[in-house]
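Okay, structure first, notes after.
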Amino acid sequence: MKKMSVTTVLLLALILGSTVAYAGFNWDGDPIVEVGGTTVTVLIEAEEELNPSEVQVTVRVPKRVEVSVQDTGGFDLEIIEGGKAKHNRIPVEVTVRVPKARPDFDVRVTVVVSEYGISESQDGRTGRPIKVKVEIPDD
């Protein structure tokens, strides 16, 4: 019998110890927007297969902040502009709604701003909005 490395054992323990196992289903990609010149990626993971075109993704940014869609990833993506930017910060709120399913299942939404090392996640269920908020430094 071959010996397992410590890293392999630890990795296996982390995987098996996780309370929620998310499937790695493939779709066109993840929603990507540019906010104030900074790339923001929305990662959506689910226990079951999703039809991206049925998943609503809403990105809220302050008024007068430049925002553009880089890639919808096949998701139903909407940009809403309103409110004000904070001093030296641009608040970004992402809301994801996966349609109700029977049985319902877990969904994880992660908003990543790689340029600043920001990664915030929120777990939720189908049929309910899942909100994740981040603040981007305004250089």
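Name the residue that is surrounded by the most Cβ atoms within 10 Å (Cβ to Cβ), counting only residues in segment 56-104 that are of a type in the set (G, A, S) and farther than 19 Å from D138 by Cβ.
G73
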Practice problem: Give the residue, chosen from I136, I80, that is β-branched (V, I, T), outside any loop (DSSP other than H, G, I, E, B) and in contact with a helix residue (DSSP H, G or I) (Cβ under 9 Å, 6 or more places away or on another chain). | Solution: I136
Quiz item: Considering only residues of segment 48-77 that are in contact with a Pro (Cβ under 8 Å, 6 or more places away or on another chain) and assigned to a loop (DSSP other than H, G, I, E, B), which is farthest from T126 (Cα to Cα)?
Solution: P62
Quiz item: Does at least one position in segment 19-33 carry a residue that is within 19 Å of K131 (Cβ to Cβ), at pLDDT 95 or above, of a type in the set (A, V, I, L, M) and surrounded by 11 or more Cβ atoms within 10 Å (Cβ to Cβ)?
Solution: yes
Quiz item: Which residues, taken from segment 76-116, are more than 12 Å from V59 (Cβ to Cβ), touching a Lys or Arg at 6+ places or on another chain (Cβ under 7 Å), in contact (Cβ under 8 Å) with a residue 40 or more places away in the chain and among the acidic types (D, E)?
Solution: D106
Quiz item: Any idea which residue in segment 83-100 is farthest from N51 (Cα to Cα), counting only those that are in contact with an Asp or Glu (Cβ under 7 Å, 6 or more places away or on another chain) and not in a strand (DSSP E or B)?
Solution: N88
Self-check item: So R108, is it within 11 Å of the chain's Cα centre (by Cα), at pLDDT 95 or above and closer than 18 Å to P31 by Cα
Solution: yes
Quiz item: Across segment 77-105, which residue is nearest to E34 (Cα to Cα) among those that are among the acidic types (D, E) and touching a Ser or Thr at 6+ places or on another chain (Cβ under 6 Å)?
Solution: E78
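The values are calculated or read from the model by the stated rules, or taken from the named source; none is laboratory data. All values reported here derive from a predicted model rather than from experimental measurement. Quick reminder, even Gly has a Cβ in these numbers, built from the backbone with ideal geometry, and neighbours come from all protein chains shown.
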